[in-house]
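Report on one structure; see the data block that follows.
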Amino acid sequence: MIRPGGPADTDTLLAFFDDAVAWMVARGQPGQWGSEPWSTQPNRVERVVAMAASNLWIAEVDGEPAGALVIDDSAPAWIPPADEPERYVRLLITKRAFAGRGIGADLLAFARERTKAEGIGLLRVDCWAGANGELIAYYVRDGFTPTEPFTVGDWHGQVLARRLD
C-alpha cells in the first residue's frame, strides 16, 4: 500500500536515511549521503522536515513503513529545468529491511501513474553517480534514460528522464 505522507513521518524518514547511511558506510561508499547519521545533523534534519511537508508518499508492507517517495513539479535548483511540464522524483528511499522486495520499483510505478494521470509526459530523477553507476543502472532498468551529468561541490550526479506519453 502507498499512502500520503506528512510531517508525522519525519522520524520515519530520518530512520530510513540513518539506516541507508550506515549501510553505505559499511559498503565503503559514504559518497552518496555522507558517513554520519542524518538524525544528528541539524541541516539534514531540516531537509528531511521539508521533505515530510512536501509531496511525500510512504510505501507500507503489513502496516510498516518500507519506503518513501517525494515527487515535485520541478527539478531542484542545481538541475536545468525541463522545457515542458514535468514531475521530478526528489526522493526515493527504501528501508534496508525491505531491500530487494520491489518497494522502490512500486514507488516509481506509482510516480509514473500519478504523472500520467495529471497529463504530464515527463518524469525525471537524479541520483548519485558513484559506486560504479549502480544507481544509474537501477533507474535505467526501470526505463529511465540518462540525460546529463552534474556536479554539486564534489558530489557527482546524473539526471535521468522517462517519457510517459
At most 16 other Cβ within 10 Å, DSSP loop - GluC sites (Glu not before Pro), region 69-165: Glu118
Region 85-127 and region 21-71: distance between their alpha carbon centers, rounded to Å: 15 Å
Helix-only CD estimate at 222 nm, as mean residue ellipticity for the chain, using -39500 (n - 2.57) per DSSP H run (n ≥ 4): -9500 deg cm²/dmol
With 5 Å bins from 0: P(r) over region 1-77, alpha-carbon pairs, percent: 3, 16, 23, 22, 21, 12, 3, 0
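Bear in mind that the values in this text are calculations on the coordinates, not laboratory data. Predicted, not measured: the structure shown is a model, and the values here were computed from it. All Cβ positions, even for glycine, are placed from backbone atoms using ideal geometry, and neighbour counts span all protein chains on display.
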